[in-house]
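Structure, as C-alpha cells:
Values quoted throughout were computed directly from the atomic coordinates according to the rules given, and no laboratory measurement underlies them. Computed from a prediction, not measured in an experiment: that's the story for all the values here. Cβ sites come from the backbone with ideal geometry, for glycine too, and all protein chains shown count toward neighbours.
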Number of protein chains: 2
Amino acid sequence: MHEQLNTDQVYVTVDILILAVREGRLQVLLSRRPSPPYAGLWALPGRFVGLSESTEATARSLLQEMLPLRGAYVEQLYTFSDVSRDPRGRVISVSYLVLLSPQQLQSALAAGSGRLRSFAASCAGLSLALDGGDGVILGEGDLAFDHGRIIRTGILRLRGKIDYTDVGFHFLADQQAFALSELQDVFEAVLGKPTDTSNFRRAVLARYEATGRIEQTEKAEKRRRGRPAALYRVIPRDE
Amino acid sequence: MHEQLNTDQVYVTVDILILAVREGRLQVLLSRRPSPPYAGLWALPGRFVGLSESTEATARSLLQEMLPLRGAYVEQLYTFSDVSRDPRGRVISVSYLVLLSPQQLQSALAAGSGRLRSFAASCAGLSLALDGGDGVILGEGDLAFDHGRIIRTGILRLRGKIDYTDVGFHFLADQQAFALSELQDVFEAVLGKPTDTSNFRRAVLARYEATGRIEQTEKAEKRRRGRPAALYRVIPRDE
DNA sequence: TCCTTTATGGTCATCTTGACCACAATTAAA
DNA sequence: TTTAATTGTGGTCAAGATGACCATAAAGGA
C-alpha cells in the first residue's frame, strides 16, 4: 500500500520506542526490516497514521498488536522531520515512548514473529552502543532511518525525568509487589550509574511513601540469597 | 491554495507560540484570522509544511517573515493530532516555542499588519485566561483551533524548565547588559509568583556566574529611581 | 533634609544530599 | 555447626541548598 509514495505530499508515521529493564540493562524492542528501504537492518515498530486516528491512537493500536495488554505507559517523544530521513519520500515521524516491565517485553517477543528481537542498549555517556542480549553488538549504522537518534532522544528524556516523576514504576511488573532493590535496579539501568543503596531508599521513601504513592505490604520476599526484603506496592491513581 | 483540503490525505502544519515578557506579564503573539475557519478569532502564526523543508525550517522561516532577526530561541513543543482539530480536514500540527525579548516582540508587532496584536497571558494556576494588554480579555473560546491548548502546553513547558536551564536569558534583550532585577521580572512573570529578591540573586549567581554563564560588566545602570544596579552580560556559548 | 525606592549583602534555622558505618537476617561454604 | 558472604535496613555526620528575614547602600523626590 505504501511501498510507493507520491512525491507531492507529506506522509506521517508513528514510531514507538519500547523500553524495558532486563538483566540490569535498558533494552529496546527492535524488529528486522523485511524489505527495502534498509532491508535487514533493525528498526523501531512503526506505521503510517490513518486518516481517522490521532497519532497517539496509532501508537496505542500498534502497541496493542504486539501485546494483548492494556494500560501501558505511552508518552509522545518528539517529531522527526528531516527531509531526507526516509528515502521513499517525504515522511514525518511522530515518535512515542513506551515503558514495559520485563514480563511484558517478554510476551511481546514471544508473540512477535522471528523478525522481532530485543537488544540491550547500554548507553554510557551519550554514545549509542547497542549491546545485544545474545552477544550481538549494534552500532548506529545497523539501525534503519534515523532510529538511532530516536532511541537516544528517548533515553535522554527518560533519564531527565525519572527522578522527579513516577515513570520508573512502569518498568516494574504491573500490580505486583516489589522490593526497593528492584526499583533501584531500574534507576541504575536507566541512569547508567550505581547509586548508594541507603540514600536511594531514603529518597524513594521520602518522595513516594510520604506522598502516598507506594505503601508497604505485609509480605516479605524470599527469592534471593541475603536477608529478605520488605515488599511495596504502587497505589494506583484514579484520574 | 489550501482553502480546500483533500479528504484522503494527512496534512502537516507548523504553529509557533511566540512568548515574551512585557510589563511584568507573559505575552503571546496572536493574529486575527481573516477567513474561515474561525474567522475573526485569534490564532497562533502557522503555515503548512513544505515538501522540502523540515518542520523546524518551516518554523524558522515563518518567524523570519515576522522578524528581520536571526538566532531567536526555537524549540519544538509538541505535536497535536486530534482528528477533528481542524474542520478543513485532517491536519496535524507540530508546534514550536519561540522566546523573544520585549524589543523583538515590539518589532514583530510593528512589522505585522493590523491583524497582528499581542495579548498578555496571565496564567495563574492552569486556567488559560488571556488578559489583554489593552484591556481585552481572551478566553479559551476566543482562540481558533486547539491553540488554547498549545499555549497552555508551552507555558507549562517553560515553567518546568526555566529554573534548571538557560531559557530565561532569551527573554532579555540580545547582546545587552541586564540587571538582575530584570531577570527576576522574567522569572516572576513566567512562574506567576513573586520571589524573594535576595534569595533569587544568590541562586542566580551561584548557578550562572559560578559556571561562567554570565559575568558582571563595569557599568551600572541609571535608568530607574533607586540605587543603580550592577549590570551583567550573558556569555555566548559556541556550540 | 528626610523619605521612598531599588540594590546588595548578610544571618539563621531548616531541609536535602552524599559519603559512610553498623547491624540484621538470610544462604552458602568450611 | 560454625563462619563467611550476601542482601536489606537503619542511622550518623558534614557539606550544601533553601526559605524567611533583616540591615545597609545608593540613588531620586518631596
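Among A:PHE200, A:PHE169, A:PHE145, the largest mean-square fluctuation in a Gaussian network model of chain A, built with springs joining Cα atoms closer than 10 Å, belongs to A:PHE200. With a Förster radius of 30 Å applied to the beta-carbon distance between B:GLN103 and B:SER35, the computed FRET efficiency rounds to 0.45. For region B:168-175, the Karplus equation 6.51 cos²θ - 1.76 cosθ + 1.60, evaluated at θ = phi - 60°, returns couplings of x, 4, 5, 7, 8, 4, 4, 6 Hz by residue, with Gly and Pro reported as x.
B:ILE235 label point (Cα plus 7 Å toward Cβ) to equivalent points in the other copies: 4.7 nm, shortest first. Here is how the number arises for the protein assembly as shown: DSSP H runs of 4 or more residues each give -39500 (n - 2.57), the sum is divided by the residue count, and the result at 222 nm is -7500 deg cm²/dmol. For B:ARG207, the point set 7 Å out from Cα toward Cβ sits 1.8 nm from its twins in the other copies, listed from shortest up. With its label point defined 7 Å out from Cα along the Cα-to-Cβ axis, B:GLY24 lies at 5.7 nm from the matching points of the other copies, in increasing order. Under a Gaussian network description of chain B, with springs only between Cα atoms under 10 Å, the residue in B:GLY226, B:GLY40, B:GLY50 that fluctuates furthest is B:GLY226. For the rotational copy relationship between A and B, the axis lies nearest to a chain A beta carbon, identified with its distance in whole angstrom as A:THR79, 2.
What the Cα convex hull of chain B gives, in volume per residue, is 143 Å³. Kirkwood-type hydrodynamic radius, region A:167-234: 12.5 Å, calculated from all non-identical alpha-carbon pairs. Straight-distance candidates among the lysines for linking to B:LYS161, with alpha-carbon spacing under 20 Å and chain neighbours fewer than 8 residues away dropped: A:LYS161, B:LYS193. For the residues B:ALA43, B:ALA20, B:ALA57, a GNM of chain B with alpha-carbon springs under 10 Å puts the largest fluctuation on B:ALA57. A straight line joining the Cα centroids of region A:148-222 and region B:147-226 runs 33 Å.
Backbone amide hydrogens, once placed in the peptide plane, bring A:LEU41 within less than 5 Å of A:ARG33, excluding anything fewer than 5 places away on its chain.
Counting DSSP beta bridges in chain A, what percent are antiparallel, to the nearest 5?
Details: 33 of 44 bridges.
Bridges in chain A that DSSP calls antiparallel: roughly 75 percent.
Size descriptors for the protein assembly as shown, from the alpha-carbon set: Rg then Dmax equal 24.8, 75 Å.
Rounded to the nearest 5, what % of the DSSP beta bridges within the protein assembly as shown are antiparallel ones? Intermediate values should be presented prior to the final figure.
Values: 65 of 87 bridges.
Counting only bridges with both partners in the protein assembly as shown, antiparallel ones make up about 75 percent.
Both radii are taken from the alpha-carbon atoms of region A:1-114; with Rh as the Kirkwood radius, Rg/Rh is 0.97.
Here the extension length gained between A:ASN199 and A:ARG70 equals 43.0 nm, from 0.36 nm per residue of separation less the Cα-Cα distance.
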